[in-house]
Amino acid sequence: MPTAYLPPLSYMEALMREPATIEQMETFEKQTFRNRCLIKGQSDNVQCTKDNLVRLTVPVKKVEHKQLTRDIEISYQTRWQHQHWITLVSTYQHTPYFMYFADYLKPFYEKEYKWLLDLNDEMNATLASLLRREKPSAFSLQHSERTQDWSGQIWTDKHPWQTELSVLETLFDE
């Protein structure tokens, strides 16, 4: 599997199945889940899409042609960690489980990682651990309304379908 930053629930489900291996020797592809995610909501800190989606992107140092994923370095020329954390707080602070899980995620926005792969691996290991702590039925692969397109959103009349949203939607709301 490719590495991913705050990936969709279906990615996490696949990652948590046995055996899941993250591909480090692939060529890094720009504008993918490897260094970006989508969350639902509005934020004053970042620009939202017309569908009220917020795109969070981990900036990387200039990528050479056909650079391996394992060699992708994170850029700290902007305060992206602060911006991401403030956006997550303003978006999710009123959800049922944000206060419970926030302390597990905040350290990722305080520590500087050199490599994108290290950030993603450590963050996804933490997310997998948090998902396993919940009631098995909440994150069951058997959920009848979930699809297999790496999107964990539940499609109902009240909540229109939003593709490829971060696992945080499920973690904080269910």
Item to check | Cα-Cα over 22 Å, subset of Lys30/Lys61; Lys40/Lys61; Lys61/Lys114; Lys40/Lys114; Lys30/Lys114 | outcome: Lys40/Lys61; Lys40/Lys114
Next on the checklist: Please give me the summed charge of the neighbours of Ser166: other residues whose Cβ is under 12 Å from its Cβ, Lys and Arg +1, Asp and Glu -1.
Outcome noted: 0
Checklist entry - So how much slack lies between Asn52 and Asp103, counting 0.36 nm per residue of separation and subtracting their Cα-Cα distance, in nm? => result 15.8 nm
Checklist entry - So what's Rg/Rh here for the stretch 1-127, counting alpha carbon atoms and using the Kirkwood radius for Rh? => result 0.95
Item to check | Global size of the stretch 50-109 as Cα Rg and Dmax, reported in angstrom | outcome: 14.7, 44
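A short reminder: the numbers here are calculations on the coordinates, not readings from a lab. Source: prediction; values computed, not measured. For neighbour counting, all protein chains shown are included, and Cβ atoms are generated from backbone atoms with ideal geometry for every residue, glycine included.
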